[in-house]
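Encoded as C-alpha cells, the structure appears first; notes follow it.
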Amino acid sequence: MLGFALLLVLGCVNGYIPPSISICNRDDLNLDKCVLAVVQKMRSNLVSGDYGNGTKLPSLDPAFVDRLVIDDGANLQATFRNLIVSGTKNFHVDKMRVNVESKTFNMLVTLDKVQLKGKYNMKMRLALLLIDGDGDSTLDINDVKLLLKIKYFFAENDDGKKTMRFHPIDVKIKFAGDAKFHMTNLLKGKPRLAQAANDAINESPELLLEKGRPAVEQFFSKLFTSIANGLMKEADEEEAFPR
C-alpha cells in the first residue's frame with residue numbers, strides 16, 4: 001500500500017516518473033507535510049494501480065494474496081489461499097518522518113477496517129478442541145497499525161545512469177482493534193459444531209493473528225517494495241531530488 005512514501009521529493013521528470021506524482025523540493029521546510037499531500041492526491045492511483053503514462057503496478061485495494069502459510073509446529077498448521085484484502089483504501093498516515101541525508105522514510109499508518117476473504121485449510125489445537133478444517137475463511141479486523149521503515153539508494157545501470165532503488169521495506173504490524181474470524185467446515189464431518197468452533201477461535205482471535213503476523217508482514221513488505229521500485233525505476237538522483 002504505501003510504497004508511495006517514496007514520493008518524497010519528486011522533480012520535473014517528464015517521462016521518467018509517472019505524471020500522477022506531484023513535486024516536493026528536498027529543501028522544503030515543510031517536507032513531511034508536502035509528502036503527505038502527495039499521498040492524499042495519489043490515493044485513487046494507489047487503489048487502482050494505474051499511475052498514468054502506462055505505469056501499472058499492483059493494486060492496494062483490493063490486494064491479492066495467492067498463498068499465506070502459518071507453521072507453528074504441532075499446535076497450528078494453516079494455509080490461506082486466494083485471499084482478497086479489502087479496506088486498505090481508507091488508510092490514514094498518523095506520522096511521517098523524511099530524512100533526505102540518510103535516505104530514509106518512517107511512516108505510521110492506520111487501517112480502520114480491513115477484511116481478508118478466501119480459502120483455508122487448518123489443523124489447530126485449541127485447549128481441548130482439535131480443529132481440522134478446510135473451507136471458506138473471512139476475517140474482519142479493526143484498527144490495524146503499520147510501521148514502515150523505508151530506505152533507498154541509487155544503483156548504476158548498464159548505461160552508467162544511477163537510478164533510484166529501494167531496499168526491502170521493513171513492515172511491522174500491530175493488531176490494535178477487534179477481530180472476528182468466520183470459517184466454514186472447521187470440524188470436518190461435524191457441521192453442527194462448526195459455530196462452536198468459530199466461537200472458540202473468536203474468544204481469543206489474537207492467538208491466530210499473532211501466529212500469522214510474520215507472514216502478513218512479509219506479504220506487505222514485498223507488495224510495498226514492488227510498488228516503490230516500479231514507480232521510481234527510471235528516476236536518477238537529480239530527477240528524484242531537485243533543489
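Quick notes
- In region 171-239, the portion of solvent-accessible area held by carbon and sulfur atoms comes to 50 percent [1.4 Å probe, whole percent, DNA, RNA and ligands not counted].
- Solvent exposure of region 180-229 as accessible area per residue, Å², 1.4 Å probe: 54 Å²
- Approximating the spin labels as points 7 Å out from Cα along Cα→Cβ, the ASP50-to-ASN157 distance works out to 2.6 nm.
- Ranking GLY133, ALA176, GLY230 by how far each Cα lies toward the positive end of the dipole of region 127-232 (charges on Cβ) leaves GLY230 at the top.
- Considering only alpha-carbon pairs that sit under 8 angstrom and 6 or more positions apart, the relative contact order computed for region 104-230 is 24 percent.
- Inter-centroid distance (Cα atoms) of region 163-196 relative to region 49-68, Å: 21 Å
- Each of the peptides 223-233, 178-188 was scored by the mean count of other Cβ atoms within 10 Å over its residues; in descending order, highest first, they stand as 223-233, 178-188.
- Set against the 2.2 N^0.38 Å expectation for a compact globular protein, region 148-190 has a Cα radius of gyration ratio of 2.40.
- Cα→Cβ-extended label distance, 7 Å offset, between THR110 and ALA127, nm: 3.3 nm
- Rolling a 1.4 angstrom probe over region 40-138 with all protein chains present gives an accessible area of which 49% lies on carbon and sulfur atoms.
- Taking label points 7 Å from Cα along the Cα-to-Cβ direction, LEU147 and ALA196 give a separation of 4.2 nm.
- Candidate lysines - alpha carbon under 17 Å from LYS119, same-chain residues fewer than 8 apart omitted: LYS180, LYS188
The values are calculated or read from the model by the stated rules, or taken from the named source; none is laboratory data. Worth saying up front: this structure is predicted, and the values here are computed from it rather than measured. Glycine also receives a Cβ, built like all others from the backbone with ideal geometry; neighbour counts cover every protein chain displayed. What goes into the accessible areas is simple: the full protein's heavy atoms, side chains included, and nothing from ligands, DNA or RNA. Shrake-Rupley method; radii C 1.70, N 1.55, O 1.52, S 1.80 Å.
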